[in-house]
Amino acid sequence: MEVQAFSPADLAYARIKGAILSLTYKPGQRLSEAMLSAELGLGRSPIRTALTRLEGEGWINVQPQSGTFVSSPTAEEVAEMTELREVLEVHAARRAAKKIDDATLQLLRAAFDNLAESGVEGHFEKFLKFDDLFHSAIHRAASNRKILEMIRNLRDQIQWVRVSNAILPGRVVESLAEMKLVLEALERRDEQAAAKAMSVHIGNIAKRFQTLSGGSKVSAA
């Protein structure tokens with residue numbers, strides 16, 4: 001089997017985008033070709049190509065005479081993304097309450113209890129892994145290929161929002177409590193309760209951003 005080789009420009013694109021999604025490069029942060037070249041160990045030409053691609057996708061903003069900056073979504077943009085995600089995930093939670101298997105529920109319960117006992121505030125990466133496990137399990141249990149496809153297409157935007165949301169003060173504790181209600185509804189096979197709890201969980205993401213930013217540009221700094 002032939003292994004596909006990535007060009008330096010592809011590598012630069014993947015690494016810069018990954019740093020944006022993980023908030024290593026924060027909204028509003030200035031990026032320069034020289035800085036990126038030194039950090040990534042790549043030449044300026046592939047860096048320049050990667051930045052052009054990232055600008056086209058909306059991840060960075062090039063301001064003439066000022067420089068290149070990581071894009072800062074407005075609270076309204078976050079709300080729009082969250083609204084779409086809520087439609088998909090509430091429906092998925094309702095379906096999952098009927099379809100999710102006992103083994104998956106036991107896995108989620110064990111992972112949840114382990115995280116809760118360890119103290120979520122001091123285990124940010126562990127929380128993000130559980131968050132991914134939790135939502136992915138519900139998506140799969142919903143057994144709707146179109147929902148999975150739409151969520152995959154939104155994956156990068158969802159990743160940015162979920163990480164940005166999780167770093168807000170106190171949000172990981174709130175989020176874990178919200179997911180607990182979803183999990184308990186799934187364990188009861190209660191479709192309506194699962195859908196309602198998921199709606200609250202996803203809806204609170206946009207509300208927290210709105211409260212934090214007052215409708216202005218979101219900054220994770």
- Given charges at beta-carbon only (K, R positive; D, E negative), |dipole| of the chain in Debye: 200
- Message: Return the Rg/Rh ratio of region 1-81 with Cα-based radii and a Kirkwood Rh.
- Response: 1.02
- Note on the structure: For region 1-94, the dipole about the Cα centre with charges only on Cβ (Lys and Arg +1, Asp and Glu -1), to the nearest 20 debye, works out at 380
- Query: Of the lysine pairs in the chain, how many meet both conditions: Cα atoms under 19 Å apart, and a spacing of 8 or more in sequence or different chains?
  - Reply: 13
- Given C-alpha coordinates of region 33-123, what is the ratio Rg to Rh with the Kirkwood estimate of Rh? 1.19
- With all protein chains present, the chain has a carbon and sulfur share of its accessible area (1.4 Å probe) in percent of 53
- Task: Wrap a convex hull around the Cα atoms of the chain, take a quarter of its surface area, and give that in square nanometres.
- Result: 14.3
- Item | Inter-part distance where region 99-168 and region 177-199 are each reduced to a Cα centre, Å | 14
- Note on the structure: Under the 7 Å Cα-to-Cβ spin-label approximation, ALA110 and HIS91 lie apart by a distance in nanometres of 3.3
- Query: How large is the Kirkwood hydrodynamic radius of region 162-205, in angstrom, based on all distinct alpha carbon pairs?
  - Reply: 10.6
- Taking a probe of 1.4 angstrom, what is the accessible area of MET150 in Å², to the nearest 10? 90
- Item | Gain in span if fully extended, ASP190 to GLN159, counting 0.36 nm per residue against the direct Cα distance | 8.4 nm
- Task: Scan the chain and report its longest stretch carrying no GluC sites (Glu not before Pro) that are both in a DSSP loop and have at most 15 other Cβ atoms within 10 Å.
- Result: 58-221
- Note on the structure: By the C-alpha gyration tensor axes a ≥ b ≥ c (rounded if a/c is under 1.5, else prolate when a/b exceeds b/c, else oblate), the shape of region 72-179 is oblate
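The values are calculated or read from the model by the stated rules, or taken from the named source; none is laboratory data. Given the structure is predicted, the values throughout are model-derived calculations rather than measurements. As a convention, Cβ positions derive from the backbone with ideal geometry for all residues, glycine included, and neighbour counts pool all protein chains shown. Ligands, DNA and RNA are stripped out before the accessible areas are found, and what is left, the full protein with its side chains, is counted by its heavy atoms. Shrake-Rupley method; radii C 1.70, N 1.55, O 1.52, S 1.80 Å.
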